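Scroll down for the structure; my scribbles are underneath it.
The values are calculated or read from the model by the stated rules, or taken from the named source; none is laboratory data. Computed from a predicted model, the values in this text were never measured in an experiment. FYI the Cβ positions are ideal-geometry reconstructions off the backbone, even for glycines, and counts take in every protein chain you see. Areas reflect the complete protein model, heavy atoms only, side chains present, ligands, DNA and RNA absent. Shrake-Rupley method; radii C 1.70, N 1.55, O 1.52, S 1.80 Å.
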Amino acid sequence: MKLHDLVPNPGSKKNRKRVGRGIAAGQGKTAGRGTKGQGARSGSGGKLYRQGGNLPFFRRLPFMRGEGFTPINRVKYNEVNLDQLAEAFKANAEVTPETLQTARLLRDPRNPVVVLGRGELKAALKVRVHRVSRGAKAKIEAAGGSVELIG
(Lines give C-alpha, C1' and ligand atoms only; values in the text may rest on other atoms or scores of the structure.)
Protein backbone atom coordinates (compact mmCIF):
# COMPACT_ATOMS: atom_id res chain seq x y z
CA MET A 1 0.00 0.00 0.00
CA LYS A 2 1.29 3.43 -0.91
CA LEU A 3 0.23 6.92 0.14
CA HIS A 4 -1.68 7.49 -3.10
CA ASP A 5 -3.75 4.33 -2.43
CA LEU A 6 -5.18 5.71 0.85
CA VAL A 7 -8.85 6.67 0.60
CA PRO A 8 -11.42 7.32 3.33
CA ASN A 9 -14.03 4.64 4.04
CA PRO A 10 -16.99 4.71 1.66
CA GLY A 11 -19.79 6.84 3.08
CA SER A 12 -17.61 8.55 5.69
CA LYS A 13 -17.21 11.75 3.66
CA LYS A 14 -20.25 13.69 2.44
CA ASN A 15 -20.49 16.79 0.33
CA ARG A 16 -21.69 19.95 2.04
CA LYS A 17 -25.40 20.70 1.53
CA ARG A 18 -25.61 23.73 -0.78
CA VAL A 19 -28.80 25.49 0.27
CA GLY A 20 -30.65 28.27 -1.50
CA ARG A 21 -29.64 27.23 -5.02
CA GLY A 22 -33.03 27.00 -6.73
CA ILE A 23 -36.10 24.78 -6.67
CA ALA A 24 -34.52 21.71 -8.25
CA ALA A 25 -31.81 21.49 -5.58
CA GLY A 26 -34.35 20.44 -2.95
CA GLN A 27 -33.29 23.14 -0.48
CA GLY A 28 -34.11 26.23 -2.51
CA LYS A 29 -36.07 29.41 -1.69
CA THR A 30 -36.29 29.37 2.14
CA ALA A 31 -33.31 26.99 2.37
CA GLY A 32 -34.72 24.90 5.20
CA ARG A 33 -35.28 27.90 7.45
CA GLY A 34 -39.08 27.86 7.38
CA THR A 35 -41.00 31.05 6.73
CA LYS A 36 -40.23 34.40 8.39
CA GLY A 37 -39.32 34.89 12.03
CA GLN A 38 -36.04 35.28 13.83
CA GLY A 39 -34.74 31.89 12.70
CA ALA A 40 -35.28 32.77 9.04
CA ARG A 41 -33.30 36.01 9.17
CA SER A 42 -29.60 36.34 8.55
CA GLY A 43 -27.39 37.92 11.13
CA SER A 44 -27.12 37.09 14.81
CA GLY A 45 -29.15 34.37 16.45
CA GLY A 46 -29.60 36.50 19.55
CA LYS A 47 -27.21 36.97 22.45
CA LEU A 48 -25.54 33.92 23.97
CA TYR A 49 -27.56 33.72 27.21
CA ARG A 50 -30.79 35.19 25.84
CA GLN A 51 -33.76 32.90 26.42
CA GLY A 52 -36.56 34.77 24.73
CA GLY A 53 -38.36 36.24 27.72
CA ASN A 54 -37.46 33.54 30.25
CA LEU A 55 -35.51 34.63 33.30
CA PRO A 56 -31.95 33.82 32.17
CA PHE A 57 -30.41 30.68 33.66
CA PHE A 58 -27.60 32.48 35.49
CA ARG A 59 -30.14 34.82 37.13
CA ARG A 60 -32.26 31.88 38.26
CA LEU A 61 -29.35 30.49 40.26
CA PRO A 62 -29.12 31.44 43.95
CA PHE A 63 -26.88 34.44 44.47
CA MET A 64 -23.73 33.24 46.18
CA ARG A 65 -21.52 35.88 47.73
CA GLY A 66 -17.78 35.30 48.06
CA GLU A 67 -17.94 31.51 47.74
CA GLY A 68 -14.96 31.36 45.40
CA PHE A 69 -14.17 27.99 43.83
CA THR A 70 -13.47 24.44 45.03
CA PRO A 71 -9.82 23.53 44.56
CA ILE A 72 -9.56 20.43 42.36
CA ASN A 73 -6.44 19.04 44.04
CA ARG A 74 -7.72 19.24 47.63
CA VAL A 75 -6.80 16.16 49.71
CA LYS A 76 -9.75 14.40 51.35
CA TYR A 77 -8.71 12.57 54.52
CA ASN A 78 -10.22 9.63 56.39
CA GLU A 79 -10.73 11.14 59.84
CA VAL A 80 -10.24 8.79 62.79
CA ASN A 81 -10.54 9.98 66.41
CA LEU A 82 -8.77 8.66 69.51
CA ASP A 83 -12.00 7.38 71.08
CA GLN A 84 -12.51 5.19 67.98
CA LEU A 85 -8.94 3.86 68.31
CA ALA A 86 -9.48 3.13 72.03
CA GLU A 87 -12.55 1.01 71.18
CA ALA A 88 -11.03 -0.85 68.21
CA PHE A 89 -7.46 -1.59 69.35
CA LYS A 90 -5.89 -3.31 72.37
CA ALA A 91 -2.65 -2.20 74.10
CA ASN A 92 0.57 -2.26 72.02
CA ALA A 93 -1.41 -2.79 68.80
CA GLU A 94 -0.13 -1.30 65.57
CA VAL A 95 -2.45 1.23 63.94
CA THR A 96 -1.90 1.49 60.17
CA PRO A 97 -4.28 2.27 57.29
CA GLU A 98 -4.55 -1.50 56.67
CA THR A 99 -5.50 -2.34 60.28
CA LEU A 100 -7.92 0.60 60.33
CA GLN A 101 -9.57 -0.77 57.19
CA THR A 102 -9.99 -4.21 58.73
CA ALA A 103 -11.49 -2.51 61.80
CA ARG A 104 -13.91 -0.74 59.37
CA LEU A 105 -12.93 2.75 60.52
CA LEU A 106 -12.14 4.15 57.05
CA ARG A 107 -14.65 5.76 54.75
CA ASP A 108 -12.55 5.37 51.60
CA PRO A 109 -9.35 3.30 51.91
CA ARG A 110 -7.80 5.05 48.87
CA ASN A 111 -7.62 8.35 50.80
CA PRO A 112 -4.91 9.17 53.38
CA VAL A 113 -5.64 8.86 57.12
CA VAL A 114 -5.58 11.61 59.76
CA VAL A 115 -5.87 10.92 63.50
CA LEU A 116 -7.74 13.61 65.45
CA GLY A 117 -7.74 14.20 69.21
CA ARG A 118 -11.35 13.63 70.31
CA GLY A 119 -11.59 11.30 73.31
CA GLU A 120 -9.02 9.79 75.68
CA LEU A 121 -6.53 6.99 75.16
CA LYS A 122 -5.42 4.61 77.96
CA ALA A 123 -3.56 1.93 75.99
CA ALA A 124 -0.20 2.48 74.32
CA LEU A 125 -0.55 2.24 70.53
CA LYS A 126 1.98 2.31 67.70
CA VAL A 127 0.35 4.72 65.24
CA ARG A 128 1.59 4.84 61.60
CA VAL A 129 -0.66 7.15 59.55
CA HIS A 130 -0.37 10.01 57.05
CA ARG A 131 -1.22 12.84 59.45
CA VAL A 132 -1.79 13.36 63.18
CA SER A 133 -3.16 16.47 64.88
CA ARG A 134 -1.01 18.07 67.58
CA GLY A 135 -3.47 17.25 70.38
CA ALA A 136 -3.80 13.62 69.25
CA LYS A 137 -0.04 13.20 69.13
CA ALA A 138 0.32 14.56 72.66
CA LYS A 139 -2.38 12.17 73.99
CA ILE A 140 -0.90 9.12 72.23
CA GLU A 141 2.58 9.82 73.58
CA ALA A 142 1.20 10.56 77.06
CA ALA A 143 -0.41 7.08 77.03
CA GLY A 144 3.02 5.58 76.22
CA GLY A 145 2.47 5.07 72.51
CA SER A 146 4.43 6.23 69.48
CA VAL A 147 3.53 8.20 66.36
CA GLU A 148 5.14 7.68 62.96
CA LEU A 149 4.09 9.54 59.82
CA ILE A 150 3.81 7.80 56.46
CA GLY A 151 5.25 9.88 53.63
- Task: Towards the positive end of the charge dipole of the chain, with charges on Cβ (+1 Lys, Arg; -1 Asp, Glu), say which of L61, G39, T96 has the farthest Cα.
- Result: G39
- Message: Could you sort I23, I150 by their accessible area in this structure, using a 1.4 Å probe and putting the largest first?
- Response: I23, I150
- Query: If you compute Rg and Dmax of the Cα atoms in Å for the structure shown, which of [x] 33.4, 94; [y] 15.8, 49; [z] 18.3, 62 do you land on?
  - Reply: [x]
- Note on the structure: Over region 60-151, with neighbouring protein chains present, the accessible area per residue in Å² at probe 1.4 Å is 73
- Put S42, S146 in order of accessible area, largest first, 1.4 Å probe: what do you get? S42, S146
- Loop-only check: which chymotrypsin sites (Phe, Trp or Tyr not before Pro) in region 53-151 are DSSP coil with at most 15 other Cβ within 10 angstrom? F63, F69
- Counting only protein heavy atoms with a 1.4 Å probe and every protein chain in place, the carbon and sulfur fraction of the accessible surface of the chain in whole percent equals 51
- Message: Exposed loop sites here are GluC sites (Glu not before Pro) in DSSP loop states with at most 13 other C-beta atoms within 10 Å. What is the longest stretch of the chain lacking them?
- Response: 1-66
- How much of S12 can a 1.4 Å solvent probe reach, expressed as accessible area in Å² and rounded to 10? 70
